[in-house]
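Trainee: Supplied in structure tokens, the structure appears directly below.
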Amino acid sequence: MQCDAKREAAKGALELVKKFISNYKIVGLGTGSTTQAFIKESVDLLMNKKLISSSSSTSLFLSSLGLEAIEYNQKDSYIYIDGADEVTRQGEMIKGRGAALLGEKILAYSGSINIFVVSEEKLVNKLGEKRPVPIEVVPKAYPYISNILKKKNIKYEIRQCQAKDGPIISDWGGFIIDVYTGPMDEPKYYDDMLRSIPGVVETGIFLNLADYIVIGRESCGYDVIELKRKSKDI
């Protein structure tokens, strides 16, 4: 029997969320097809919670199901659920295929419990095996960033829209550049190096941000990896 791995992951995430949800009034939601699968599985539960969204795409999807995202008031803690484009068993992730990496990282950084939901093909030994690293950049800085990446012999491309001419513009007004690192032995090095370039707003490398990773299997069922995040100095 073959199952939809995304839906299996979503069902697993819902069971995990149920263990914690009574302690939270607010649920934060990421962006992408696996997050949408979780939302579909969890409509009844989410109806009774305040929701904050990482992107306009997720807000529109919530609206289509009769749910509404609110502005976060900075007072209440929340549980956060999101997907990932690549993930290791150590909790390192690449995100940003949906061009929402900045909003996702903002919500993940402040989440009290972060649950990331993936299908099994997203699991890798090293980040960069299958996906480039997206970075969000200030549009006017693009020529300078492009020149710096060329000098570093780093392959990249600016992400283009499919439904219109020109580059993708994020919810935050930035361009998205896909950086091809190949498999990374030290993801933190690339994260630090890319963010050190003036005009780079954020990268899609997510480190020390996952408490749980739920991995859906095509053979049906799911696995849960529990991680211990290092405390953040704020």
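None of the figures in this text is laboratory data; all of them are computed from the coordinates on show. Since the structure is predicted, the reported quantities are computational estimates derived from the model, not experimental observations. Positions of Cβ are generated from backbone atoms using ideal geometry, with glycine treated the same way; all protein chains shown enter the neighbour counts.
Trainee: Quick one: net charge of TYR24's neighbours, Cβ under 12 Å, K/R +1, D/E -1? Intermediate results must be reported in sequence, preceding the final value.
Mentor: On the way: positive: LYS18, LYS19, LYS25, LYS49, LYS50; negative: ASP76.
Residues close to TYR24 contribute a combined charge of +4.
Trainee: What is the set of long-range amide H partners of GLY28 at a cut-off below 5 Å, with H atoms built 1.01 Å from backbone N?
Mentor: Long-range HN contacts for GLY28: ILE52, ILE79, TYR80, ILE81.
Trainee: Report, in debye and to the nearest 20, how large the dipole of the chain comes out about its Cα centre when Lys and Arg carry +1 and Asp and Glu carry -1 on their Cβ.
Mentor: Numbers: 32 positive and 31 negative charges, 69 e Å.
Computed about the Cα centre, the dipole is about 340 debye.
Trainee: Also, quick follow-up: For segment 79-215, what D do you get in µm² per second when you plug the Kirkwood radius from alpha-carbon pairs into Stokes-Einstein at 20 °C and 1.002 mPa s?
Mentor: Numbers: Rh = 15.1 Å.
D, rounded to a whole number, is 142 µm²/s.
Trainee: Follow-up question, since we're still on this one. Taking a threshold of 20 Å on the Cα-Cα distance, which of the pairs LYS19/LYS50; LYS95/LYS122; LYS105/LYS151; LYS122/LYS151 fall above it? Don't jump to the answer; show the numbers that get you there.
Mentor: Details: LYS19/LYS50 18 Å; LYS95/LYS122 11 Å; LYS105/LYS151 28 Å; LYS122/LYS151 31 Å.
From the list (LYS19/LYS50; LYS95/LYS122; LYS105/LYS151; LYS122/LYS151), the Cα-Cα distance tops 20 Å for LYS105/LYS151; LYS122/LYS151.
Trainee: Need the full-extension length gain, LYS228 to LYS18, defined as separation in residues times 0.36 nm minus the C-alpha distance. One decimal, nm.
Mentor: Working: separation 210, 0.36 × 210 = 75.60 nm, distance 1.96 nm.
Extra length available between LYS228 and LYS18 comes to 73.6 nm.
Trainee: Determine the sum of side-chain charges near GLY12: Lys and Arg each +1, Asp and Glu each -1, restricted to other residues whose C-beta is under 15 angstrom from that of GLY12. Display every interim value, and only then the final one.
Mentor: Numbers: positive: LYS6, ARG7, LYS11, LYS18, LYS19, LYS40, LYS122, ARG217; negative: ASP4, GLU8, GLU15, GLU41, ASP82, GLU120, ASP211, GLU218, ASP223, GLU226.
Net of charged neighbours comes to -2.
Trainee: For segment 2-55, what class follows from the C-alpha gyration tensor (a ≥ b ≥ c being the square roots of its eigenvalues): rounded when a/c is under 1.5, otherwise prolate if a/b is larger than b/c, else oblate? Walk me through the numbers on the way to the answer.
Mentor: Working: a/c = 2.31, a/b = 1.41, b/c = 1.64.
Cα axes put segment 2-55 in the oblate bin.
Trainee: With a cut-off of 11 Å, note down the residues of segment 72-106 whose backbone N falls inside the zone around a label point 7 Å from the Cα of LYS188 toward its beta carbon.
Mentor: Residues passing the 11 Å test: none.
Trainee: Okay, next question. Evaluate the Kirkwood expression for the hydrodynamic radius of segment 133-204, namely the inverse of the mean inverse distance over all pairs of different C-alpha atoms, and round to one decimal in Å. Display every interim value, and only then the final one.
Mentor: Numbers: mean 1/r = 0.0802 Å⁻¹.
Kirkwood radius, segment 133-204: 12.5 Å.
Trainee: Which residue, VAL43, VAL118, VAL179, has the most motion in a Gaussian network model of the chain that connects Cα atoms within less than 10 Å?
Mentor: Looking only at VAL43, VAL118, VAL179, the largest GNM fluctuation is found for VAL43.
Trainee: Before anything else, pin down the relative contact order of the chain: Cα pairs under 8 Å, at least 6 apart, normalised by residue count, whole percent. Numbers along the way, then the final one.
Mentor: Numbers: 488 pairs, mean separation 60.2, N = 234.
Taking the mean separation of contacting Cα pairs over the length of the chain, I get 26 percent.
Trainee: At 0.36 nm per residue, and after removing the present C-alpha to C-alpha distance, how many nm does the segment from LYS40 to ASP76 gain when stretched out fully?
Mentor: On the way: separation 36, 0.36 × 36 = 12.96 nm, distance 2.45 nm.
So the chain would gain 10.5 nm between LYS40 and ASP76.
Trainee: On a 0 to 90 degree scale, rounded to 10, what angle separates helix 5-20 from the longest Cα axis of the chain?
Mentor: 60
Trainee: Lone cysteines in the chain, going by a 4.7 Å Cβ-Cβ cut-off?
Mentor: Lacking a cysteine Cβ partner under 4.7 Å: CYS161.
Trainee: Based on the Cβ-Cβ distance from LYS164 to LEU60, what FRET efficiency comes out when R0 is 22 Å, to the nearest 0.05? Could the numbers behind the result be given before it?
Mentor: On the way: r = 18 Å, r/R0 = 0.80.
Once rounded, the FRET efficiency stands at 0.80.
Trainee: Determine the calculated [θ] at 222 nm for the chain from helices alone, applying -39500 (n - 2.57) to every DSSP H run no shorter than 4 residues and normalising by the residue count; nearest 500 deg cm²/dmol. Before the final figure, lay out each step's value.
Mentor: On the way: 7 runs with 67 residues, N = 234.
Here the helix-only value at 222 nm equals -8500 deg cm²/dmol.
Trainee: Let me ask another. Could you calculate the contour length gain from ASN208 to SER112, that is, 0.36 nm times the residue separation minus the distance between their Cα atoms, to one decimal place in nm?
Mentor: Working: separation 96, 0.36 × 96 = 34.56 nm, distance 1.28 nm.
Stretched out fully, the ASN208 to SER112 stretch lengthens by 33.3 nm.
Trainee: Which part of segment 98-130 falls in the paramagnetic zone of VAL138, meaning amide N under 20 Å from the point 7 Å along Cα-to-beta-carbon?
Mentor: 101-103, 106
Trainee: Also: Name all residues of segment 1-41 having a backbone nitrogen under 14 Å from the label point set 7 Å from the Cα of ARG217 along its Cα→Cβ direction, giving them as ranges.
Mentor: Within reach of a label on ARG217: 1-6, 8-9, 12.
Trainee: Quantify how much of the Cα-Cα distance distribution of the chain extends past 25 Å, in percent. Mind showing how you got there, number by number?
Mentor: On the way: 10880 of 27261 pairs.
For the chain, the fraction of Cα-Cα distances above 25 Å is 40 percent.
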